[in-house]
Amino acid sequence: MKRKRITPLQRARQAASRVNALQAVASYGRKIGTKRAASVKAALSELRRRGVPPGQWAAEVQYTEPWMQPLLTDLYRTAGMLSATEVANRLLSRKEEPTDIFARAILAWTQDHLGERISLMTDTVNEWLRQTLATIYAGEAVISVAGVPTVVAASTLGVEALTKLMYQQTLAQYDTIRKWQVRRIVQTETMHAMNISGLTAADALGIDYEKTWSIAGINTRETHEAVDGITIGKGELFSVGGWPMERPMDERYGAPAGEVINCSCTLIFLPRGNGIDEI
């Protein structure tokens, strides 16, 4: 393991790659946001349709997002092909056209691993819904008593009034966090796609290479800043905050969410023996 100097040009290229990838997948954020809002509404509407008592909504709510797998598969392919092609260009020092080899490798990864990532996303929404519904039910409501606004325990309302309250307040509260959630998903999954695809492309070329960890320099975690410039060989692992990682956002060896979510780090690939200075 060694630390190499990352040049301003290399930093600029990595930044441009991130920007290009995020711009290429911008439409997916809008699609995910729209579909998530509809799916939250559908989960609450299903509780109303079934006539579930409001006091049981928190226990019985079931949010699903079957549309997420095809959407994120397309996102991975879009961002991943950009990254794979750029890595191939730099390792081979010539312009390469996107190849079916890269596309098939990206698709195979999504088929093997994306379902697990989506399950975690869905679980997060379900947990938020359970907590929010329980809080609303245990909270207070304002009603009119003889024309005077009066605060009462929400649980004392009639079934129809309480159902309406929980439905409307949950949708209103979700609307306040929807954009933030979607932005985090798109950024995290885009960077994940870039790092996976870049490594896949480098391996597919069949040449020996070195990979250098490169931070974005924006809200960088201390543990990631500590490995900036660290350079290792093909197949070797970085140590990030004490966790082994083959690439940024690598969760396979136990790295916690705090080392992964919203990470903007990338890898710089160069043929072994490239002559770049060590520091």
Checklist entry - Just for segment 8-41: of the residues that are polar (S, T, N, Q) and touching a residue at least 12 places away in the same chain (Cβ under 8 Å), which one is nearest to V125 (Cα to Cα)? => result S39
Checklist entry - Does A202 satisfy the condition of being closer than 30 Å to K4 by Cβ, in contact with a Leu (Cβ under 8 Å, 6 or more places away or on another chain), in contact (Cβ under 8 Å) with a residue 40 or more places away in the chain and not in a loop (DSSP other than H, G, I, E, B)? => result yes
Checklist entry - Would you say A138 is out of contact with any Gly (no Cβ under 7 Å at 6 or more places or on another chain), hydrophobic (A, V, I, L, M, F, W, C), without any contact (Cβ under 8 Å) to a residue 60 or more places away in the chain and surrounded by 12 or more Cβ atoms within 10 Å (Cβ to Cβ)? => result yes
Checklist outcome for this item: Considering residues that are within 30 Å of S264 (Cα to Cα), in contact with a helix residue (DSSP H, G or I) (Cβ under 7 Å, 6 or more places away or on another chain) and surrounded by 13 or more Cβ atoms within 10 Å (Cβ to Cβ), the number found within segment 152-186 is 7
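Table: residues versus (1) in a helix (DSSP H, G or I); (2) among the aromatic types (F, W, Y); (3) at pLDDT 90 or above.
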{"residue": "L71", "(1), (2), (3)": "yes, no, yes"}
{"residue": "T78", "(1), (2), (3)": "yes, no, yes"}
{"residue": "L82", "(1), (2), (3)": "yes, no, yes"}
{"residue": "V87", "(1), (2), (3)": "yes, no, yes"}
{"residue": "F102", "(1), (2), (3)": "yes, yes, no"}
{"residue": "S119", "(1), (2), (3)": "yes, no, yes"}
{"residue": "Y137", "(1), (2), (3)": "yes, yes, yes"}
{"residue": "K164", "(1), (2), (3)": "yes, no, yes"}
Next on the checklist: Among the listed residues E46, E65, identify the single one that is outside any helix (DSSP H, G or I), of a type in the set (D, E) and either surrounded by 14 or more Cβ atoms within 10 Å (Cβ to Cβ) or in contact with a Leu (Cβ under 7 Å, 6 or more places away or on another chain) (or both).
Outcome noted: E65
Item to check | In segment 264-279, residue surrounded by the fewest Cβ atoms within 10 Å (Cβ to Cβ) [restricted to those that are modelled with pLDDT of 60 or more and assigned to a loop (DSSP other than H, G, I, E, B)] | outcome: G273
Item to check | Those residues of segment 232-271 which are more than 18 Å from the chain's Cα centre (by Cα), within 24 Å of N20 (Cβ to Cβ) and of a type in the set (S, T, Y), in sequence order | outcome: none
Next on the checklist: Which of the numbered conditions does T212 fail, given that it passes all the others? Conditions: (1) over 30 Å from T231 (Cα atoms); (2) at pLDDT 95 or above.
Outcome noted: (1)
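The values are calculated or read from the model by the stated rules, or taken from the named source; none is laboratory data. Note that this is a predicted model, so its numbers are computed, not measured. Backbone-built Cβ (ideal geometry, glycine too); neighbour counts: all protein chains shown.
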